[in-house]
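Note sheet for the following structure.
The values are calculated or read from the model by the stated rules, or taken from the named source; none is laboratory data. As the structure is a prediction and not an experimental result, all values here were calculated from the model. So basically every Cβ, Gly included, is an ideal-geometry build from the backbone, and we count neighbours across all protein chains shown. For the accessible areas, the whole protein counts, side chains as well, though only heavy atoms, and no ligand, DNA or RNA atoms are used. Shrake-Rupley method; radii C 1.70, N 1.55, O 1.52, S 1.80 Å.
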Amino acid sequence: KINPILITNSYFYKQTTNKFSKRHQSHDITSHHIMSFSSGDSFPCVVAEVGSYATKMGFAGEDYPRSYFRSTTAILRGDPSADNASNAAANANTSNASNTSHANANANANALSMGIQKRSFDFFSRPLNYSENHDEGWEVCNPIDATTGLLYDSTCARRSSSTYSSSNTAALMQESRSPSNPVSGNSNSSSSSSYSSQHDSSPLGECYTHFSNYLTHGYQSALCTKSDTAPLMLVEKAYNPPPIRQKLMEILMEEQSVPAAFLVRDAVCACYAVGRTSGTVVDIGHSGTVVTPVYDGFVETRGIRRSPVGGSMMGQMVLSHLDGLYKTKKARMKYKSPVDYAMPLYQVRSEGHVARQEPFHTLARMDVARLCMESGTGAGVAAFGYVAMRDLDGENVDREGSGGGGGGGDMMQMESNEMYQQYANAPKAPYKLPDGTVVDFSQTKRFDVSELLFGKGGKSAKARMEAVQEAKKRLDGMIAKASEMSKRANQGDGSTGVNTGTTDVEMDAILQMEEMAKRKKLARGLGGDGIPKKKVSLLASHQSLMKACAPYLQTSIGEFTASTIPSMICESAFLCDREQQSQLLGNAILCGGGACLATSVLSTSNATLNDGNAMPERIQLECEAILQAQTPGWKVKVLSPGIAERSICSWLGASILGSLGSFHEMWVTKAEYDEYGSAIVHRKCP
């Protein structure tokens, strides 16, 4: 168990470093790094986090990751049979190399065996086949599943994620394009179908190959070190199932050959980043929002609440606003443009404004929306009590504390209309598109984006409900696919159809500890009876992994909610014990890239462009309004790092944790892994 005093002291030490003298700085807590893996020299561990939007890697004790790149990459597939010769040559050349080079060769060999020939981390600004000006044969991949947010792969999940949109997104994309566009209409439709067929034919379990390749890329590109020289701390999801945790430990130990590893929950790290050990963590990520209660450094899994609304959905709305404003500006100014939507930078530079094939064209356009949001122009958070005009139509489905009588509701609606009129008359915020066109964002359009998280009725609540239904549909398909594969495997083994698989964590640990005596022979490539070990295919291993994960996806981990963020915070705290609720509600931690929204009213000057204080204040007042309706006088405190550190909050907390001098006792060493197997992760990594 981590000492909370050390965590708090480390946080406040980083905030007041300049106030200490050199005598006090000699006792810096970050100087007590683990020394047993660096030949006596002080050397920090490596902290890695693979998220749905970006992958972050760096050294413990530092304020920012050294390696930061998008998790969505482009890959070029080829014939696996044509790569057998190069694969054998790679294995022969690295037979006498070090452990790190051997691990990297294994990762590359796995990629080649699956038909992955090339990988590109930069494909937004130009075609991948630049000389021929096309992207033929390339496709995009992301190791994180958009539905579950985990390193989980299935045929149904890939088929749904290949469209990169739910029903709402497809409608927005259809509205943003002109059906009579002669430049990009036909080519995109044909290429989209070809991409879908290619993406569905990718092998199962490929997400773990991408995960290993991302770690190798981070080591080689920015860290400039080898994986076997320092321990690795991996930040994982708070609801990560035990089978996936064991799989990650196997990849770190066997493919990356790290000397020691540790898996830490992202919600716990977010608490450490703000100097707390207890609190309710609100993580607004790219693929969704997760609210996790953390008490005394441990995750309360029963209180986890998930919503499919995140940065991706907000970016889609910003993109639809940009397309509408561009189309209006084009009609008013009589622009001669072949398209009726906001073009990305590559399309502006190309001759004839030719669009790339899908999904590269859509991803490039989403990058335009991201830049617009990050500038503070495309999205903002309104003050407490604001109700968007699009949410005034219809019944408010989530109006806590609005009063029981109709007169109270009418009074609140009148106040909301007055606030809406004030924002509607505020000056507009200009934004310059890649082609030079300047569009003006009204304040109400900026607030419509954040109302996807706060809106209690109307179109905002309807959009959340439709996103939840779409996510549940995809999740049910994933569970059905896992059950079908499990049934097929049982029939192939000649079993009776009764599920006797080891889905229990303790049973897995017992079985692996019983094979303790065989570990040394297995490490040398021999079976338990001295016969050379037969390598298990990746497809078979991933089928068993899907079978083991299916029961966890059917529990509360797979549940989604359409509630607002303040309602999710209160629901999460109330699902925990009564004596824990005061600390959980007294420390609400806001983090994630989707939480980096601008101030309420964006001024023309850059002095207060994007201080990021609007969302914490809105969440605090909304939560207090919900709680004080039942318990008057209850106060809520929302903690959040600066807007520059909010998107890396979990990584920053892991960096603080890895720099503690007392943390060296927590590592899972290579010797312990060889003795107990991957099940030791459940005992040493809570």
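Is it the case, given these coordinates, that residue 238 is open to solvent by less than 20 Å² (accessible area, probe 1.4 Å) and in a loop (DSSP other than H, G, I, E, B)? Walk me through how you get there before you give the answer.
Numbers: open to solvent by less than 20 Å² (accessible area, probe 1.4 Å): yes; in a loop (DSSP other than H, G, I, E, B): yes.
Criteria met by residue 238.
Within the range 349-361, count every residue that is part of a helix (DSSP H, G or I) and more than 17 Å from residue 72 (Cα to Cα).
Here is the first cut: in the range 349-361, the residues part of a helix (DSSP H, G or I) are 349, 351-353, 360-361.
Going one step further and asking which of them are more than 17 Å from residue 72 (Cα to Cα), we end up with 349, 351-353.
Qualifying residue count for the region: 4.
In this structure, is residue 268 of a type in the set (Val, Ile, Thr), open to solvent by less than 20 Å² (accessible area, probe 1.4 Å), part of a helix (DSSP H, G or I) and closer than 16 Å to residue 49 by Cα? It is true that residue 268 is of a type in the set (Val, Ile, Thr), open to solvent by less than 20 Å² (accessible area, probe 1.4 Å), part of a helix (DSSP H, G or I) and closer than 16 Å to residue 49 by Cα.
Quick one: which residue in 226, 327, 336 is among the charged types (D, E, K, R), under 30 Å from residue 428 (Cα atoms) and part of a loop (DSSP other than H, G, I, E, B)?
On the way: 226 fails: under 30 Å from residue 428 (Cα atoms); 327 fails: part of a loop (DSSP other than H, G, I, E, B).
Exactly one residue qualifies, and that residue is 336.
In the range 383-423, of all residues being open to solvent by less than 50 Å² (accessible area, probe 1.4 Å) and hydrophobic (A, V, I, L, M, F, W, C), the one that is modelled with the lowest pLDDT corresponds to 392. Among the residues of the range 545-559, those that are among the small types (Gly, Ala, Ser) and crowded, with 20+ Cβ neighbours inside 10 Å comprise 548, 550.
Looking at 573, 595, 562 in this structure, which one is surrounded by fewer than 24 Cβ atoms within 10 Å (Cβ to Cβ), within 23 Å of residue 452 (Cβ to Cβ) and in contact (Cβ under 8 Å) with a residue 60 or more places away in the chain?
Details: 573 fails: surrounded by fewer than 24 Cβ atoms within 10 Å (Cβ to Cβ); 595 fails: surrounded by fewer than 24 Cβ atoms within 10 Å (Cβ to Cβ).
Checking each option against the conditions leaves just 562.
Of the helices (runs of 4 or more DSSP H) contained entirely in the range 616-686, those carrying at least 1 residues that are exposed (fewer than 15 other Cβ atoms within 10 Å of the Cβ) fall at 670-676, 681-684.
If I filter the range 142-163 for residues that are assigned to a loop (DSSP other than H, G, I, E, B), over 21 Å from residue 50 (Cα atoms) and modelled with pLDDT under 90, do I get at least one hit?
From the range 142-163, those assigned to a loop (DSSP other than H, G, I, E, B) are 142-154, 162-163; that's our starting set.
The next check asks that each one be over 21 Å from residue 50 (Cα atoms); those that pass are 163.
Okay, now just the ones that are also modelled with pLDDT under 90, so 163.
Yes, the range 142-163 has at least one match.
Applying the set (1) more than 25 Å from the chain's Cα centre (by Cα); (2) modelled with pLDDT of 90 or more to residue 470 leaves exactly one unmet item: (1).
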